[in-house]
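Please treat every number below as a calculation from the coordinates, not as lab data. Everything numeric in this text was worked out from a predicted model, so none of it was measured. Quick reminder, even Gly has a Cβ in these numbers, built from the backbone with ideal geometry, and neighbours come from all protein chains shown.
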Amino acid sequence: MHITLTQIVLILWGLLLLAVLLQYGGLVESLRALKGIGVKLVAGLVTVGAVAAVIYRSTGYMTPEREGWIVRGRTPADSVSPGFNTKARFRSLAQPLGRVTDRNGTLLAGYRFDEHLKRTYPAGNLTAHMVGYWTGPLRDGMGIEKALTMLNDSLHDDLPHDVKLALDLRLQRDAMRALGGRFGAIVVMDASTGEVLAAANYPTFNPDSVWYDEAWTRYVRDTISRPLTSRAIKDNFSPGSSIKPFIAGAALQLGTPLPEQSGFVCTGTYTPVRGTSEITEHGSAHGRVDMARAMRYSCNVYFSYLAYGLVGFRPAKTYLDSIGFDERLRWNSAAFLNEYRTLLPARSWVKGRDEIAKSRLGIGQASVKSNPIHVAVLMAGIANGGIFHSPMLERGRAPDTLRWHMSQTIARKLEALLREPLLPGGTAAKAFAGIGSRGIEVFGKTGTADREPDGREPSWFISYGRKNGRTFAVVVAIQNRNGMFAGDLNAPMARRMYEALDGYGYYSEPAGAHR
Amino acid sequence: MSRAVSYPVLALLVIALVAVANVAVYQAGMEWFVGQPSLWIVIRNVLAVAVIVLAGGALIPRDGRTRSAELVLLLAAALFGIGSAVQFRLGADAPRQLSNNEIAAVRDSMMSAMHGRASEAQIREEAASVVRQRNGALRRDFEQSRIDTRLARSLEAAYGPTPDTRRILESRPRSSGDSILFRVLPVLVLLGTLLLFGRTSAATLLSSQWRLAGFYGSIAVCLLTLVYLMMSGGVRGANFAPQELLKLTLPIAWAGLLIHYRAAFVANTRERFARSPLVLWLYTLLLLSSPLLSFIVVRDFGQFLVISIAQTLLLGYYTRSALYVVLFVAATLATSMLLLGDTLFTGTTLLATLGIVVGAVVVLGALERFQRRESLWASASGVLVLYVAAAFVLVRIPFVMRLLATPRQRFLLWADLYSRHGNPTWWDSSRQIVEALYALDAGGAAGRGLGYGTPFLIPKASSDFVFAAMVEEMGSAGGILVILSFIALVVIGLRIATKMGRDTFGGILVAGYTLLVASQAFVHIAGTMNILPMTGITLPLVSSGMSSLLVSWGIVGAIVALSARPANAGQRLTIRNDDER
């Protein structure tokens, strides 16, 4: 046990008072000698009252309720600020936060001297959503920075705790360039470990400027671009056709008789429920297709019929839930981050589904939404032969296997299906023409969703690429495709990411290097 | 019972206690403080306490030396020493605020700049706001550099020195601490008092003719103080607070009054009271008027509260009855109700006041029935009812309302700390009490450790809120030790007084001094905790503030010196009232 000097002072002081009490002519004698009911009464009451008051005030004075009562506005509005409790405010400001670096040691968050020590984010808006921001007591923090401020409280120390992210700032920058100013997100993940190499978001914000009220209100009030929301992690979009590999997975897993076994012919339209609008192929009919062909051409009729007519909505949902669609995906990180839920993604299912929405499950509309980082985990899992790793935030942790189930056989079959869209005639064939010359084998699926009631018109490219036995998943989600198709919009972005990965040598290093 | 521990051992214990406390502050200061503390302050603080304990102990006269006197000296020295460590801590790690001279300079420059264009009151107000702004800027700068120091220290510990952290830590100024006079002058006052009273002339001073001279002299000093205060423009302008001097002189006047008019207060004989309740009323009024007078002139609500509580307790002690205490508490509560009246408890004010009066009358009745003095009950209840009726009318007179504006605000703050009453400046006024409450709360059971808390966030931490600063760093354990030390001091002081004789001039004098210390500590501590209205009173022996420290040590010196008179002197010098014989 560590005894501080202050505790020694308290002990010595107590000893002195004890000595005084025990001395001849001391307190006991004096108390006995005191005559008169008034003096004794008052002295006793004052003693008891004072001790009780000190204990009360110094152990349970400022309860959260009372604090809330103050902040709720029984006080003049202008005087109530988040720094109301000056002690907590000071502690929060003087608390040292650790350094946040990327996997190569580039500083993402640290202190800089500019008249005073200031918390700064050298990577600026590139990593804003991952690293988050910290503004002392001024605003609620975000991301890793917020988790760091709470870490000291939970550990009862005042030491800076460093975090080395699995993120690669170069890849993050490339992803941001690939997005090219479109609203959306790109996630790059190491399939063998679950390390998140890049999670780029656009629109983004400048974490150095959230201190300033002007910038802050601009960010908060911008409900159209919502720069403070991380699209890669916290947000989700209609998956469109990119749900199809998982619908195929459901059918294969459940052993559902496939449409081609009963002579399915794509006529270009499908009316799942009487009296509802039909699901169309935008003017073309694919004719007699099997699952591989349907995947290559992204046949809406085939997959709608499969999902709604053959598998059924409820079994399909159960299957999707078993691969995490109803979960808040937890990070593979030191416990503090999950504990404070600062980066946990949203759940996927849309509330209030009606029969029409259910019938559109097979084309990824209206009933389900998916989250880029979740889809990246799924793609990495398929590449891994059905073993899913939770996304790894920090460098140097052991991979953490999720409890989702997919048999290796089905993973192999899905991999074969995912090859289709890149084959000639496939939806992403044009974008990936010639990628083979780099030796990278890419598997993926495009997704071009219709306009949703929330006004979004997302498009997806979910994929993974393999070379030298190393596999990386790349997921590109664009919020508003503006009439373009995923094969022309998202797939080229994904291709740039694969080329960047190859350029940085990720495909040549053995798995788990730098661990 | 034997003397288990000898004086030198206890003296060494006190010195060790003070030394450890100061070293703790020094150690924490080297690490965290904005101003680098110097070892010289530690040495000087410990030396001051050592001189008090050793030289003071040696100066207590051998022949009349009692254990009680020694213990009073030791307890006072321990409080003073802990106080010096806290002052060291607050002085080395606090925002510099404008000194009185700088404030005067600001006011003068405003005067010359705005002369003829604005009234003097406007200029004063303007100057005050300038001073507030500059103090606020100094405070913000300090807080920022305190944060920088702490961050730089933590970062260096984790990552090793960098140019930035070195620059911050090496540019720390050396702190000069509080003035050395705060440690030297109190010691001189104590030793001087001991020499003056203890060695040569205590017996002479307490003899009949000198006693009367002292009595009238003290009344003269009281009046002169009041005149001086009226001339110098009240409390705020003065560097030295002369109203503190009242604490030295008033007990002499009380002792004289009580000795002279003993019969009026100690109603052993019910006949006397039955004959002349008017006498009691008159003398009560006379006694009550002395603090009231000081309040009216000085406008110092805190001193008024301290003096009236001490006086009430003295009357309780002297008459062996809770009568005056109950009267005082009831009157104070009733007054506070009337003062808070129209804003806080609209409609129920009168009811509450009536309730308090009736309750007090019931308590008085029970007390007096217990002691078989029904007539006293009747007169006391009459006094209370009359007082409340008079107060009810008086607080509605505009002149009195203006006079009571400050205490009224204090009472409102006390009753409803977080409320606003449509007053935008309300929060500024309650802010300092809220800070003190946060400090008490931050301390917890054992405190943050000396030097490791943030007491500089409390306004006036070194004087008016020193108890909050202590509790933040030493916890409720430290707070309770402070309170117990004061209680021990007071109980032993009263014992000395009782030993000297309840009816002797010297005995009443010692009791008066002791109870003044008690009531001042009570008002300070309770005010800090928002149990009483906050009045801006120093904690005796602990707070900084020259006048407060000197007067406290004068009082301690007087108690020790008077207690150490030859044992038989008390009887010889007792002069009973002629009526009694």
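Here are the numbers for this structure:
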| read-out | value |
| --- | --- |
| Most positive-pole-ward Cα, A:465, A:144, A:449, against dipole of chain A from beta carbon charges | A:449 |
| For a label point 7 Å along the Cα-to-beta-carbon line of residue A:401, residues of region A:310-328 with backbone N under 20 Å | A:322-325 |
| Rounded to the nearest 20 debye, dipole of region A:86-166 from Cβ charges on Lys, Arg, Asp, Glu | 120 |
| Contact order relative to length of region A:86-166, as percent, for alpha carbon pairs under 8 angstrom and 6 or more apart | 36 |
| Positive-end extreme of charge dipole, region B:100-170 - chosen from B:151, B:122, B:110 (charges on Cβ) | B:151 |
| FRET E, pair residue A:430, residue A:480, Förster distance 25 Å, beta-carbon r, rounded to 0.05 | 0.70 |
| Region A:183-325: equivalent-ellipsoid semi-axes (sqrt of 5 x gyration tensor eigenvalues, Cα, Å) | 40, 19, 14 |
| Least to most buried among A:299, A:266 (fewest other Cβ within 10 Å first) | A:266, A:299 |
| Restraint check, A:164/A:445; A:87/A:146; A:118/A:234; A:118/A:146, Cα-Cα greater than 22 Å | A:164/A:445; A:118/A:234 |
| Relative contact order, percent, chain A [alpha-carbon distance under 8 Å, six or more residues apart] | 14 |
| Charge dipole (debye, nearest 20) of region A:179-239; +1 at Cβ of Lys and Arg, -1 at Cβ of Asp and Glu | 260 |
| Region B:100-170: relative contact order as a whole-number percent, Cα under 8 Å and 6+ apart | 22 |
| Positive dipole terminus of region A:357-493, leading residue within A:391, A:478, A:411 (C-beta point charges) | A:411 |
| Kirkwood Rh, angstrom, chain A [1 / mean 1/r, Cα pairs] | 26.2 |
| Rough spin-label spacing in nm, given labels placed 7 Å along Cα→Cβ, for residue B:446 and residue A:273 | 6.6 |
| Cα convex hull of region B:38-101, projected area averaged across orientations, nm² | 6.0 |
| Span-rule helices in chain A, defined as complete DSSP H runs reaching 30 Å or more along the axis (Cα) with Kyte mean at least -1.0 | A:37-60 |
| Net charge of Cβ neighbours under 12 Å - reference residue A:220; Lys, Arg +1; Asp, Glu -1 | 0 |
| FRET efficiency for residue B:104 and residue A:159, using Cβ-Cβ distance with R0 set to 41 Å, rounded to 0.05 | 0.30 |
| Order by protection proxy (mean Cβ within 10 Å, highest first), peptides B:12-21, B:498-507, B:397-406, A:454-463 | A:454-463, B:12-21, B:498-507, B:397-406 |
| Spatially proximal aspartates and glutamates relative to residue A:244 (Cα-Cα < 14 Å; intrachain offsets below 8 disregarded) | A:290, A:415, A:420 |
| Estimated inter-spin distance, residue B:179 and residue A:18, nm [label 7 Å along Cα→Cβ] | 4.1 |
| Whole-Å semi-axes of region A:140-241's equivalent ellipsoid (Cα gyration tensor) | 25, 22, 13 |
| Cα-projected label distance for residue B:30 with residue B:188, points at 7 Å along beta-carbon direction, nm | 3.3 |
| Helical mean residue ellipticity (222 nm; -39500 (n - 2.57) per DSSP H run of 4+; nearest 500) of chain A | -11000 deg cm²/dmol |
| Overall dimensions of region A:465-515 by Cα: Rg and Dmax, Å | 13.6, 43 |
| Euclidean distance between Cα centres, region A:153-168 to region B:95-137, Å | 48 |
| Unit charges on C-beta of K, R, D, E only; dipole of region B:100-170, Debye | 120 |
